[in-house]
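Scroll down for the structure; my scribbles are underneath it.
The values are calculated or read from the model by the stated rules, or taken from the named source; none is laboratory data. On a predicted model such as this, the values are computed, not experimentally measured, just so you know. Here the Cβ positions follow ideal geometry from the backbone for every residue, glycine too, while neighbour counts run over all protein chains shown.
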Amino acid sequence: MGKGGNIDINASSLLISDGAELQTIIRQAFQTQPAGQGDAGNVNIKVTGAVDIAGRRGISSGGFSVM
């Protein structure tokens, strides 16, 4: 049990493309592995200029926090 950790970005511009992702995550149970427990963490983005988030051919890009 524990924290997934945070992603903190402070920038003048940001480009996330070609299926790239920023993630904090606590995994679900899989086969013999138990589910994770705790805080998935946060994705904090502070950008003063342009933000461009673009996927590619059906593959999305973005920032996620999943539990």
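Just wondering, is there one or more residues in the stretch 31-45 that are touching a strand residue (DSSP E or B) at 6+ places or on another chain (Cβ under 9 Å), at pLDDT 85 or above and surrounded by 10 or more Cβ atoms within 10 Å (Cβ to Cβ)?
There is at least one residue in the stretch 31-45 that is touching a strand residue (DSSP E or B) at 6+ places or on another chain (Cβ under 9 Å), at pLDDT 85 or above and surrounded by 10 or more Cβ atoms within 10 Å (Cβ to Cβ).
Quick one: in the stretch 46-67, which of the residues that are in contact with a strand residue (DSSP E or B) (Cβ under 8 Å, 6 or more places away or on another chain), over 21 Å from residue 11 (Cβ atoms) and outside any loop (DSSP other than H, G, I, E, B) is modelled with the highest pLDDT?
Only one residue fits best here, namely 56.
Identify the residue in the stretch 20-30 that is under 11 Å from residue 4 (Cβ atoms) and aliphatic (A, V, I, L, M) and, among all such residues, is surrounded by the fewest Cβ atoms within 10 Å (Cβ to Cβ).
Here the residue is 25.
Of all residues in the stretch 1-30, count the ones that are over 19 Å from residue 60 (Cβ atoms) and modelled with pLDDT under 75.
6
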